[in-house]
1. Tally the residues that are within 15 Å of B:HIS570 (Cβ to Cβ) and either of a type in the set (Lys, Arg) or assigned to a helix (DSSP H, G or I) (or both), restricting the search to segment A:33-58.
2. How about segment B:532-548: which of its residues are open to solvent by 10 Å² or more (accessible area, probe 1.4 Å) and among the hydroxyl-bearing types (Ser, Thr, Tyr)?
3. Suppose we filter segment B:496-521 for residues that are among the aliphatic types (A, V, I, L, M) and at pLDDT below 95; how many remain?
4. Taking B:HIS122, is it open to solvent by 10 Å² or more (accessible area, probe 1.4 Å), within 16 Å of the chain's Cα centre (by Cα) and farther than 30 Å from B:ASP346 by Cα?
5. Mind telling me which of the residues A:GLY19, A:GLY51, A:GLY31 ends up being crowded, with 20+ Cβ neighbours inside 10 Å and either at pLDDT below 95 or at the interface with chain B (Cβ under 8 Å from one of its Cβ atoms) (or both)?
6. Taking segment B:353-390 only, how many residues are open to solvent by less than 60 Å² (accessible area, probe 1.4 Å), in contact with a Phe, Trp or Tyr (Cβ under 7 Å, 6 or more places away or on another chain) and assigned to a loop (DSSP other than H, G, I, E, B)?
7. Give the residues of segment B:463-484 that are more than 7 Å from every other protein chain (Cβ to nearest Cβ), buried (at least 20 other Cβ atoms within 10 Å of the Cβ) and either more than 26 Å from the chain's Cα centre (by Cα) or under 13 Å from A:GLN49 (Cα atoms) (or both), sorted by residue number.
8. For segment B:628-654, name all the residues that are under 30 Å from A:GLY48 (Cβ atoms), surrounded by fewer than 17 Cβ atoms within 10 Å (Cβ to Cβ) and more than 12 Å from chain A (Cβ to nearest Cβ).
Amino acid sequence: MNCVARVTMAALAASLWLGTDGSLAASAENGKKVYMAVGCWGCHGTVGQGGVTGPKLAPDPMPYETFSAFVRTTNRAMPPYHELVLSNNDLADIYAYLQTVPKPADYKTIPLLNQ
Amino acid sequence: MARKDVGLKVDRRKFLTGVAVAGAASAVTPQAGNATTAAGTAAARLPSALPPTAHTIAAETGTPRALAQTNRPDGSDFMVDVIKSLDIDYLPSNPASSFRGLHESLINYGKNKKPEFLTVNHEEIGVAMAHGYFKVAGKPLMSLCHGTVGLQHASMAIYNAWCDRVPVIVVGGNDLDASKRPPGTPTYHSAQDVNALVRDFTKWDDTPVSLQHFAQSMVRAYKIAMTPPYAPVAIALDTGLQQEPLRNGEKLSIPRYVPTSPPQGDANAVREAARLLANAERPVIVVDRAARTPNGINLLVELAELLQAPVVDQGRRMNFPRTHHLSRALGVIRQADVIIGMELSDFWGTVNAWIDNGDHGHGVQESRIKEGTKLISITSADLLTKSNYQDFQRFQVVDVQMAADAESTLPALIEAVKAAIPASRKAAIEKRGEASRKAKAEARERNLAAMAVGWDASPISTARLTMEVWAQIKGLDWSMVGSDRQMSSWPSRIWPMTKHYHHLGTSGGLGLGYNLSAAVGAALANKAHGRFSVNLQPDGDFMYAPGALWTAAHHNIPLLTVMHNNRGYHQEVMHVQRLSNRRIRVAALGKTTGPIGTSIEAPDIDYAKMASSMGVVGIGPIKDPKELAPALKRAVDVVKSGQPALVDVWTQPR
């Protein structure tokens, strides 16, 4: 199964994710669109892999409460996202998308990382 | 300036005959041909180009009405003798009328050797090539710039060289004598004091008014440029002086070039620095442009091992082997009690963090170091600070400050440290080395694990691209000739960089348009040693001066260019997003992925086709990481055969 197919399957599964408020059915599919539209990809990469401009977000994103609080209030290098710019629903969808990012292979099994 | 009145004879230079005759013809019947054509019969076919008028010819050629006939050589032949005495290898330049006298002498009288004229499509390319060449070869090149316009084109590249402490000999043609110069274009291209354009970011400049003056100025310029701190210099070359015949019996001489010894740190300051370092619990060495020469790397290793002190290489030169157990990331300074910074471009920014957030947009600053940490600085930049351009950065108070060349000061500092280390501290110092070895190994594990994330992503991750390129070049004597900062610095973190040509740093002034041209210049220097040059090329920078590829093809310069094509001015993507968030507004995207004005999309640029159009093998765009290896292998084979090649890769943003 290729990477795209794995992400799609995982996205479908994640679309059933129940938000922390017990009522929010987050959409990973929409989350991916919002992730691109509001600029998360710019510093964290399109699959949340991170780089010098921003830390890794996925796989295994931090707990939603921590994630949400950071996005809303950060005074560090990342600019905070106000609810008028990024709604709570869309933020939950982004989190759902990050949950769908598959775990990478152990680098020890990737020949190019063992040259 | 110093140009004699000339007669009307026109047979001195054969190549001028056609122009002169054409001009004369047009002068007799101005625009007659045009008028006839315009009023011709319906069957008459318009020529593809109308014949130029006398005024147009004069404007475009900048040709004086006539040249004197003489059997004596012109001044520009002597100028070539002067230039040859300085052992300058190449002359990357765009041709121009203001230095046609010297141009002709260089390729005919000088046989186009030492220096060899390299044709470039933009003065910025010429100077940036000289910049890259120096970083590999350690020898400056000369670049010719055409009057006001050429020097303005070159100015960004000169500023980069200034900020990066690289010597470039810029020689600009300029027609000084307003009563003699041709009207029209040559006058637009002349200035009273043309070097004023770049005086803020050159170390020295002059406008010679005689041939003997030129000889002294060229040797003086070379000497000043090559005395640390290195920097570009500019000579304004009068058009008339080039074409003035040597006077009968005139005795001219060429001063001998004798290198000036670099400035060394004061002996007392060196001793005090050594005392602080030898008695420190956690000393850290931070270096930026400390290794001026390959020997600088050896000296830094000796000092670091003597102290078993971690070394943070900020990477504007290849200062310290990245494979060494004492090579560490900047975070190590947090626990330092003594920090020595050598040739740092920004000491304040080294020991302080600035966070672009809060405080109404002014940012937040935080110290990265403990209170009471002793700071030592050795930098030749302290000997060359100007006022207007602010490349000197924020002011940082340090405890021991040496206005001196770090590499030249290192031997004395090493001896002083040896003498200052108490015997009782030697065991503790050895222990520091063990801790650093462990931390270094752990950092490598973290890096490799991080590289695996997004390994199969499309667009292709910069980590994947880094390792795919490495797989193709690891068995070669390789040189990374462009900056890797836009690729999360993965090569610097992972590739075993140990030699001075493994990593050449950045532009200096961080103005776009440097990377590709400097890479071509560096590849030219590597060619003499049979090295394989690889350039990781950001797309935004590429589009400033893509013609550098043509120069690589035209002059058979082997260079592998791998496009880091993230389809945007990515730093600005983040800046506009940041400001939108701060102002609680959704960033408008228009039809692109990034905020309006920051993307290079719609249409996407086909860099492979651009390369092909300039005679460079172009491959791509590659979007699937599985297609990378065969594409890179094909390109590597081309470069091994002695030609340039480009692989366009669609990449993640950083």
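The values are calculated or read from the model by the stated rules, or taken from the named source; none is laboratory data. The model shown is predicted, which means the values in this text are computed figures rather than measured ones. Positions of Cβ are backbone-derived with ideal geometry, glycine not excepted, and every protein chain shown enters the neighbour counts. Surface accessibility is based on the protein's heavy atoms, side chains included, excluding ligands, DNA and RNA. Shrake-Rupley method; radii C 1.70, N 1.55, O 1.52, S 1.80 Å.
1. Going through segment A:33-58 one residue at a time, the tally reaches 6.
2. Selection gives B:TYR544 alone.
3. Total meeting the criteria: 2.
4. yes
5. Testing whether each residue is crowded, with 20+ Cβ neighbours inside 10 Å and either at pLDDT below 95 or at the interface with chain B (Cβ under 8 Å from one of its Cβ atoms) (or both) leaves just A:GLY51.
6. Summing the residues that are open to solvent by less than 60 Å² (accessible area, probe 1.4 Å), in contact with a Phe, Trp or Tyr (Cβ under 7 Å, 6 or more places away or on another chain) and assigned to a loop (DSSP other than H, G, I, E, B) in segment B:353-390 gives 1.
7. Within segment B:463-484, B:ALA463, B:ARG464, B:GLN472 meet the criteria.
8. B:PRO630
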